[in-house]
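Participant: One structure follows; several queries about it will come next.
The numbers here are math on the coordinates, done by the rules we state, and not lab data. Everything numeric here is computed off the predicted structure, so don't read it as measured data. Reconstructed Cβ throughout: ideal geometry from the backbone, glycine too, with neighbour counts over all protein chains shown.
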Amino acid sequence: MSGKIYYDIVKERQARNLDDAVAFIRIEELSPFPFAELRQVLARYSLAKEFFWLQEEPRNQGAHSHVWHRINSVLVDMGRGESLVYKGRKESSMPATGIGKSYATQQRTVINAPFEGL
């Protein structure tokens with residue numbers, strides 16, 4: 001993930017008491033992509049079973065299209081397979097709904113996404 005959503009989901013993880021069960025990796029430098037640094041960080045999580053890319057923007061507007069293949073190539077190199085799953089807003093022609101209540105509902109869905117099934 002990248003950007004300010006990181007702080008929202010860290011807060012949510014603490015509220016759910018899942019600090020020891022869910023890890024987040026924030027990628028702030030997208031170009032040049034930090035392949036080596038990502039490998040080093042992912043190596044710390046050898047027991048991780050699922051990998052998600054989370055972003056606030058709709059799928060077609062954020063960094064997802066830039067990072068998906070890059071992150072998956074690191075996972076494949078590490079023997080983890082192409083296992084990166086997108087979690088976030090659906091594709092949209094607009095960056096926001098323009099309706100506060102609708103946006104708040106979408107935002108809550110995005111923040112809840114990494115914790116589904118826990």
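Participant: Under 4 °C and 1.567 mPa s, how fast does the range 5-115 diffuse according to Stokes-Einstein, given a Kirkwood radius computed over C-alpha pairs? Answer in µm²/s, whole number.
Facilitator: Numbers: Rh = 15.1 Å.
Translational D for this selection: 86 µm²/s.
Participant: So what is the calculated 222 nm ellipticity per residue for the chain, using -39500 (n - 2.57) for each DSSP H run with n of 4 or more, over all residues, to the nearest 500 deg cm²/dmol?
Facilitator: The per-residue figure over the chain is -12500 deg cm²/dmol.
Participant: Could you line up Arg26, Arg44 from fewest to most neighbouring Cβ atoms inside 10 Å?
Facilitator: Details: Arg26 13, Arg44 10.
Final ranking by Cβ density, sparse to dense: Arg44, Arg26.
Participant: Using modelled amide H (1.01 Å from N, peptide plane; none on Pro or chain starts), what sits under 5 Å from the amide H of Trp53, excluding residues fewer than 5 places away?
Facilitator: Val85, Tyr86, Lys87
Participant: Another question, then. Using DSSP loop states and a limit of at most 14 other Cβ atoms within 10 Å to flag GluC sites (Glu not before Pro), what is the longest stretch of the chain containing no flagged site?
Facilitator: So the longest stretch without any such site is 51-81.
Participant: Also, quick follow-up: Over the range 5-115, what is the mean sequence separation of C-alpha contacts under 8 Å (at least six apart), divided by residue count, expressed as relative contact order in percent?
Facilitator: Rounded, it is 29 percent for the range 5-115.
Participant: Quick one: order Asp8, Asp20 by neighbouring beta-carbon count within 10 Å, fewest to most.
Facilitator: Starting with the residue having the fewest Cβ neighbours, the order is Asp20, Asp8.
Participant: Give me Val10, Val85 sorted ascending by neighbouring Cβ count inside 10 Å, so fewest comes first.
Facilitator: Listed from fewest to most nearby Cβ atoms, that is Val85, Val10.
Participant: Using the Karplus equation 6.51 cos²θ - 1.76 cosθ + 1.60 (θ = phi - 60°), what ³J(HN,Hα) coupling, rounded to whole Hz, does each residue of the range 19-30 give in order, writing x for Gly and Pro?
Facilitator: Karplus values, whole Hz, x for Gly and Pro: 4, 8, 10, 10, 10, 10, 10, 9, 10, 9, 9, 9.
Participant: Kindly write out, for the range 76-93 in residue order, the coupling ³J(HN,Hα) from the Karplus curve 6.51 cos²θ - 1.76 cosθ + 1.60 (θ = phi - 60°), rounded to whole Hz, with x marking Gly and Pro.
Facilitator: 5, 4, 8, x, 9, x, 7, 10, 6, 10, 7, 10, x, 5, 5, 4, 7, 7
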